[in-house]
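Okay, structure first, notes after.
The values are calculated or read from the model by the stated rules, or taken from the named source; none is laboratory data. Since we're looking at a predicted model, the values are computed, not measured. Here the Cβ positions follow ideal geometry from the backbone for every residue, glycine too, while neighbour counts run over all protein chains shown. Accessible surface areas use protein heavy atoms only, side chains included; no ligands, DNA or RNA. Shrake-Rupley method; radii C 1.70, N 1.55, O 1.52, S 1.80 Å.
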Amino acid sequence: MKTNFKIGIFLFILTIFAACKSDDMIYKDANVSAVNALYEPINNKTVKLLSSASASLYFNWEAVKVEDSGAALYEVIFDKAGGDFSKPIYRTTSDNNGYSNGATVTHKIMNKIASLAGIQPGGTGNLIWTVASSRGIKTVMANERRTISVTSLNGFVDIPDEVFITGEGSEGGSTLSAALPFKLNAPGEFEIYTKLEAGKTYYFVDRKTGTPRVFYSTDNATLREAAQTGTITPSKTAVYRINLDFTTATLSYTEIKSVGLWFSPSNAITLNMPYQGKGVWTGTGIVNFKTESWGKDQRYKFQIVTAVGGSDVVKQFGTLNGTDSAPNDASAPSYYFVKLLANVTQWDDKWKFADKVDGKSSSISLVLKGDAAYTHTIVVN
């Protein structure tokens, strides 16, 4: 009985397979039609982008037909004015994970697309867009293309959390992992003190691994994001303070010509501090306190000479945390933190040398690195 039962099961399965046509076992992509009509935005629509996170632009088009009555997927595709979509600058799936015949694109993304098309921050330019429909691996472009005029934001909506400088003209060279960090001074505002090599390119990135966003400038004033690559070439080898402001898409350079130890009792620089690299200036020499009737005066800060518009401008670095006491070996690191001062004075915002520095050869460093508090160090040799 068992044998007859097994034979019956085998014949039943064989009958089912025999009833199946061989064509039914082969997967075929269903044909999909092209989108015949684009509805929104209307052709040549003008859009002024807004910085609001909720601001968006809605794209809508006629639904397509699929051979097997299944659902099609859609992408909105963008290109530069005059392009042919063979190498689009941006593409995004429609709403509902690509199944809707409409797409909500935020102004944040539209601003990015405008940048990729070469539209300057705050400028106006044209983009072209169309829609691709697909089913499986079969993709068909829409029969219509439209133009949209976009006025981009003055600044970046998608502001990076970190910024680094890299490239052969930078101190870290072309190795991305060696890129030097900027210091975040305020939301969207970054700063670095670094040396640039004339005739060699550099650029800014938002991270040191993978494929980072790339930022550059063509006029040394307007900050732009590159679609793939973009560089800056300095005309002069020098140490610079570079300031980036992503809220206004601007950048500025200040050449740092010299740094020195400002000894307040002498009202003068008493020790020159040559640039050592990567935001550090160091000078070595003997510091002699000035003897007064009331004791020894040991007050100091730092003075720098910058070049602005072809003229020398003097600035000072002084204490971030006000003090009128000399430090000792147990003093907190914050005693030595520095800030760029608004005014140049003889006595304000100064430190006092530790007593052990008097009459001794000491190495004094001003340390302005992007990944730590601005500070200075004093080592008695």
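Sort out which residues of region 308-331 are assigned to a loop (DSSP other than H, G, I, E, B) and open to solvent by 50 Å² or more (accessible area, probe 1.4 Å), and write them in order of number. Selection gives GLY309, GLY310, LEU320, ASN321, GLY322, ASP324, SER325, ASN328, ASP329, ALA330.
For VAL150, the conditions (1) in a strand (DSSP E or B); (2) exposed (fewer than 15 other Cβ atoms within 10 Å of the Cβ) all hold with the exception of (2). Out of everything in region 271-307 that is of a type in the set (Phe, Trp, Tyr) and assigned to a strand (DSSP E or B), what residue ends up being farthest from LYS352 (Cα to Cα)? So the residue we want is TYR275.
Run down ALA179, ALA226, ALA221, ALA249 and say which single residue is touching a Gly at 6+ places or on another chain (Cβ under 6 Å), among the small types (Gly, Ala, Ser) and modelled with pLDDT under 95. When all the criteria are applied, what remains is ALA249. Among the residues of region 232-277, those identified as surrounded by 19 or more Cβ atoms within 10 Å (Cβ to Cβ), over 28 Å from LYS350 (Cβ atoms) and touching a Leu at 6+ places or on another chain (Cβ under 8 Å) are PRO234, LEU244, ASP245, PHE246, ALA249, LEU251. Candidates in region 345-372 are the residues that are of a type in the set (A, V, I, L, M, F, W, C) and surrounded by 15 or more Cβ atoms within 10 Å (Cβ to Cβ); of these, the one that is nearest to the chain's Cα centre (by Cα) is LEU368. For region 196-228, the set of residues classified as surrounded by fewer than 18 Cβ atoms within 10 Å (Cβ to Cβ), outside any loop (DSSP other than H, G, I, E, B) and in contact (Cβ under 8 Å) with a residue 60 or more places away in the chain consists of THR222 only.
In region 34-48, the residues that are on the phi > 0 side of the Ramachandran plot reach residues that are among the β-branched types (Val, Ile, Thr) with C-beta atoms within less than 6 angstrom, at least six apart or across chains, in these pairs: ASN44/THR147.
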